[in-house]
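The values are calculated or read from the model by the stated rules, or taken from the named source; none is laboratory data. What you see is a predicted model; the values in this text were computed from it and never measured. Cβ atoms come from the backbone with ideal geometry, glycine included; neighbour counts cover every protein chain shown. Protein only, heavy atoms only, side chains kept; ligands, DNA and RNA dropped before computing areas. Shrake-Rupley method; radii C 1.70, N 1.55, O 1.52, S 1.80 Å.
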Amino acid sequence: MKKVLFSLAITAVASVAMASCGNKTTANAGTTDSVNSEETVAATAADTTASSEATGEEMGAAADGQGLAEEWDVSVRTFDMDSEPKYEVIIRDSEGKTRTVGERTGFDYPQDMLETFGNVWETDVNFDGHTDVLICLGRMPASDQTFVHYDAWVYDTEDGKFYCQGTFRDIFNPEIDREEHRILSHYIARDGVTRVYSAHYWQKDGNIVTVGDSWTVSPDK
């Protein structure tokens with residue numbers, strides 16, 4: 001499988017757009033695919049459990065490129081127009097046929113938070129057994145941590161194309177919990193180590209809803 005990441009912006013995005021924020025293929029063998037942005041400047045997509053304290057680099061190295069239903073050739077071109085970061089994504093199949101060409105606007109983050117903008121994470125985000133494409137929108141600074149957000153381009157088996165799910169980008173630091181068929185998000189509590197989790201569920205109509213109360217996971221003492 002080949003992935004190509006282009007950056008045509010003349011801002012800071014251009015010099016660092018190749019940094020890792022999930023420019024990997026995640027494995028389905030484990031129970032949870034995750035991004036731990038607050039633990040590493042170059043956040044990485046990977047397989048782990050919700051209680052794991054491994055760094056993004058460690059998890060990514062163990063999970064790269066295994067178990068996906070499809071492998072897509074994903075090209076992303078990032079650019080900056082009228083001070084709004086934007087990207088164009090082209091998704092091709094293994095035979096080189098173009099399945100989808102799409103364009104979206106990212107978040108208006110500070111330029112030093114956009115080095116991961118446009119990076120790719122391939123995973124089954126809606127639990128239908130097919131590989132989808134997540135595009136990193138950059139890292140949002142929040143007090144003593146950073147939040148990573150993604151656009152979810154979901155594969156439609158009926159027409160063989162990808163469609164962007166509009167509200168997935170609202171979920172910060174997403175983790176794909178395969179065992180419970182849910183999407184987790186988390187932030188770091190004031191003690192600097194405890195993670196506060198919430199659960200989001202992908203509905204059959206394509207909408208995502210938040211269900212249940214949040215919970216905490218603390219590292220072993």
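List, in order, the whole-Hz ³J(HN,Hα) value for each residue of the range 191-205 obtained from phi through the Karplus relation with A = 6.51, B = -1.76, C = 1.60 and θ = phi - 60°; use x for Gly and Pro.
Running phi through 6.51 cos²θ - 1.76 cosθ + 1.60 with θ = phi - 60° gives 6, x, 10, 6, 9, 10, 9, 9, 10, 10, 10, 8, 7, 4, 7 Hz.
So how exposed is K97, as accessible area in Å² (1.4 Å probe, rounded to 10)?
K97 exposes around 130 Å² with every protein chain in place.
So who's got an amide H within less than 5 Å of the one on F147, skipping anything under 5 residues away but keeping other chains? H placed 1.01 Å off N, in plane.
M140, A142
Mind listing the long-range amide H neighbours of R182? Cut-off is under 5 Å, sequence gap 5 or more, other chains count too, H placed in the peptide plane at 1.01 Å from N.
Amide H to amide H, under 5 Å and 5 or more residues apart or across chains, R182 pairs with D177.
Based only on the alpha carbon positions, what is the Kirkwood hydrodynamic radius of the range 111-221, in angstrom? Each step should come with its number before you reach the end.
Values: mean 1/r = 0.0665 Å⁻¹.
That comes to 15.0 Å for the range 111-221.
Over the range 101-221, what relative contact order in percent results from Cα pairs under 8 Å that are six or more residues apart?
Details: 228 pairs, mean separation 17.2, N = 121.
In percent, rounded to a whole number, it is 14.
If packing is taken as the average number of other Cβ atoms within 10 Å across a peptide's residues, how do 211-219, 152-160, 191-199 rank, most packed first? Mind dumping the intermediate values first?
Working: 211-219: 10.9, 152-160: 16.1, 191-199: 14.6.
Listed from highest to lowest mean packing, they are 152-160, 191-199, 211-219.
Please list the non-local residues whose amide H lies under 5 Å from the amide H of I208, H modeled 1.01 Å from N, same-chain partners needing a gap of 5 or more.
Long-range HN contacts for I208: Q203.
Hey, can you rank 144-151, 87-94, 101-108, 130-137 by average C-beta count inside 10 Å, highest first?
Numbers: 144-151: 20.9, 87-94: 17.6, 101-108: 14.6, 130-137: 24.5.
For the peptides 144-151, 87-94, 101-108, 130-137, the packing ranking is 130-137, 144-151, 87-94, 101-108.
Karplus couplings for the range 153-160 from phi (6.51 cos²θ - 1.76 cosθ + 1.60, θ = phi - 60°), rounded to Hz, Gly and Pro as x?
Couplings: 9, 9, 6, 9, 5, 6, 10, x Hz.
Starting from the Cα of D108, step 7 Å along the direction of its Cβ; do the same at A189; then give the gap between the two resulting points in nm.
3.5 nm
Taking R0 as 22 Å, what FRET efficiency do you get between A142 and V209 from their Cβ-Cβ distance, rounded to the nearest 0.05? All intermediate terms of the calculation are to be shown ahead of the outcome.
On the way: r = 23 Å, r/R0 = 1.06.
After rounding to 0.05, the efficiency reads 0.40.
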